[in-house]
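What follows is a set of notes on a single structure, which appears directly below.
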Amino acid sequence: MTAVYQPAKSPAYFLSDALVMVGRSLRRSVRDPEAFITALALPVTLMLLFVYVFGGAFEAGVGSHGGYVNYVVPGLIVLCAGFGAGTTAVAVATDMSSGIVDRFRSMPITAWSVLAGQIMASLARNLLATALVIAVGLGVGWRPVASPLDWLGAIAMIVLFISAMSWLAACFGLVVGSPEAANGATFALMFIPYLSSAFVPAGTMAAGLRPIAANQPFTPVIETMRGLWMGHTSTGAALGHEALLAVIYFGAILVAAASLASWLFRHRTASH
Amino acid sequence: MTTAAVPTPGPRPAPVPGPALARRPSPATALANSFTLAWRSVLKIKTNPEDLFGLWFQPIMYLVLFTYVFGGAIAGGTHQYLQFSLPGVLVLSVVFATLGTGMMLSQDISTGVFDRFRALPIVRWAPLAGAILGDLVRYVISILVTLGFGYVLGFRVQTNVVAAVLGCLLLVAFAFAMCWLSAMLGVIAKTAQGVQWWGFLFMFPLVFGSNILTSTSSMPGWLQAFVKVNPVTYLTEAERALLIGGPAAVAVERSLLWALGIFVVFAPLAVAAYRRRT
């Protein structure tokens, strides 16, 4: 049987299809209350844990201006985006393994909108988690000294970071065979932020871990946000240098992951 | 129109002997049933990759993370912090391992395995007892992995072998009490994910609202008040005393009292919930 010929659609159609898919993804998130509550409760729990349980012990080692909470907020945002990536990978893997994509292909919709919908929904979910981290941070004593322009820069960095992580998660979801495997595959994304300057400065870590913490992609993102919000980085490097590194790292990850995910999606949904 | 003849009520036929009317099994049989199902529970560990991951890699991950990533910031050096944190990581690993009991039970009940067990000539409570007995092996594995890897990293018991063994037995006793809470959740919750969720809701404040990884004095006053009455704090203090030295009597006594209290409250609740569900 030959595939139904579909004429090329305008960007407006594509956007309309993608928004429908975003709605579908977000509705599915809300209808899984355990996962939804966990996604919202996790940032709050981690914030309280690191600020109140470990904060006093870390403060001497971190030497942060205005307490440990001012140091930790950017790290928690990055960590929560890592957890969010797990959700995205599972959602993509579920779609690919449940046969729903084959149903969508029989409809007059743009093929890419399925993947784009998942990515945009992931961005929305993660931005909500980020807003929650910021709100709880402000509640427990985080006091940024940023100007509106700095805030805009920090938000742009968060959007770039979450987009790159979402596309990377989509790649994991497309490569593995099952939702369970997708969850396992993204475990590294949740663990890597711990080996950065997210929670403690690289200088306080064991000698073997210092170069890893100082030179991995998550550190420049965290330091850029820290620099924009608090007026200084914890590494002592210039804000511009950290921001440039972050944009190069995650710009490259975004382009590579989006290209790979698109190819994988096309490859896995091709007519046999 | 003819009416159907109504049969005259005669003597009721003798009931067919079935599982419900089987003779009450002897304690030896009941124990044998429980141990058979405990062995099944042990065998299930190696077929469940998530469980294996939890038992082997979680303690290792916690030790590496807290010792090498956070140790310098907390204690100024990794070795000093390893000596302080390993007893805490032992407690953390074993207490979180108790969640597996509830998850396995929930899985077995929802997949219909327990309905099959009811058709067998075994004691009704044997599947529950078997699951809990089998999980004691999981706690021992968790303890051995944590201690073994701790030794590789440089941890050293500074008391003696007897004290260290007593520390391990105390952990198993506390875990045995906690697993009844997990078993109750496993029977009540609809899914294994539900058990995990509710379990974390109960255990996260208990485990992290304690002195397992940092000293109580570094926490804010309102949190210190909770930490000082938390059973996990007493257990951690007992483990530190038995593994690296210090006064142990009060902490051990309070840990055992808490374990007994948890058991007395949650074991009957778990059994009652199990009876209702099956």
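Every read-out reported here was derived from the displayed coordinates using simple, explicitly stated rules and does not represent laboratory data. Predicted model, so just to flag it, every value in this text is computed and none were measured. Every residue, glycine among them, receives a Cβ derived from its backbone with ideal geometry; neighbour counts consider all protein chains shown.
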*For chain A, modelled as a Gaussian network with Cα springs under 10 Å, which listed residue fluctuates most, A:Ala238, A:Ala214, A:Ala258?*
A:Ala238
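For n ≥ 4 DSSP H runs only, could you compute -39500 (n - 2.57) per run for chain B, divide by its residues and tell me the 222 nm figure to the nearest 500?
-24500 deg cm²/dmol
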*Just B:Thr67, B:Thr111, B:Thr78 to compare: in a GNM of chain B, with alpha carbon springs under 10 Å, which one fluctuates most?*
B:Thr111
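How charged is the neighbourhood of B:Glu237? Take every other residue with its Cβ under 14 Å from the Cβ of B:Glu237, and add Lys/Arg as +1 and Asp/Glu as -1. Kindly include the intermediate steps, with their values, before the conclusion.
Working: positive: B:Lys228, B:Arg240, B:Arg254; negative: B:Glu239, B:Glu253.
That sum, taken over residues with Cβ under 14 Å, equals +1.
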*asked:* Angle check, please: helix A:68-98 long axis (alpha carbons) against the longest principal axis of chain A (alpha carbons), in degrees 0 to 90, nearest 10.
replied: 20
*Counting helices only, and only those DSSP H runs with n ≥ 4, report the 222 nm mean residue ellipticity of chain A as the sum of -39,500 (n - 2.57) divided by its residues, in deg cm²/dmol to the nearest 500.*
-24500 deg cm²/dmol
*Once Lys and Arg get +1 and Asp and Glu get -1 on their Cβ, which of A:Gly117, A:Ser197, A:Cys171 lies farthest toward the positive end of the dipole of region A:95-203?*
A:Gly117
*From the square roots a ≥ b ≥ c of the eigenvalues of the alpha-carbon gyration tensor of the protein assembly as shown, which class results: rounded (a/c under 1.5), prolate (a/b over b/c), or oblate?*
oblate
_Extended-chain gain in nm, criterion 0.36 nm per residue less alpha-carbon gap, A:Leu15 and A:Gln216_ = 68.9 nm
*Reference-scaled alpha-carbon Rg (2.2 N^0.38 Å with N residues) for region B:125-248*: 1.19
*Mean Kyte-Doolittle of at least 1.6 plus a Cα span of 24 Å or more along the axis: flag which DSSP H helices in chain B meet both, please.*
B:126-153, B:161-188
*Would you order A:Cys171, A:Cys80 from fewest to most other beta-carbon atoms within 10 Å of each residue's own beta-carbon?*
A:Cys171, A:Cys80
*asked:* Over region B:30-277, what portion of Cα pair distances is larger than 21 Å, expressed as a whole percent?
replied: 57
*Just B:Leu153, B:Leu105, B:Leu243 to compare: in a GNM of chain B, with alpha carbon springs under 10 Å, which one fluctuates most?*
B:Leu153
*Per residue, the convex hull volume that the Cα atoms of region A:117-191 enclose (Å³)*: 107
*Please identify the GluC sites (Glu not before Pro) of region B:193-278 that satisfy two criteria: DSSP loop assignment and at most 14 other Cβ atoms within 10 Å. Which are they?*
none
_Compute the angle between helix A:112-139 and the longest alpha-carbon principal axis of chain A, please, reported from 0 to 90 degrees and rounded to the nearest 10._
20
_Dipole in debye (nearest 20) - region B:30-277, about Cα centre, beta carbon charges: Lys, Arg +1; Asp, Glu -1_ = 580
*Taking every Cα atom in region A:135-272, find the radius of gyration and the maximum pairwise distance Dmax, and write them in Å.*
17.3, 58
*Can you put A:Asp150, A:Asp102 in order of Cβ neighbours within 10 angstrom, beginning with the fewest?*
A:Asp102, A:Asp150
*In degrees from 0 to 90, rounded to the nearest 10, what is the angle of the helix A:148-175 Cα long axis to the longest principal axis of chain A?*
50
_Under the Debye formula (equal points on every Cα, no solvent term), log10 I(q)/I(0) of region A:11-268 at q = 0.17 Å⁻¹_ = -1.28
*What are the aspartates and glutamates whose alpha-carbon lies under 20 Å from the alpha-carbon of B:Lys44, with same-chain residues fewer than 8 places away excluded?*
A:Glu180, B:Asp108, B:Asp115, B:Asp135
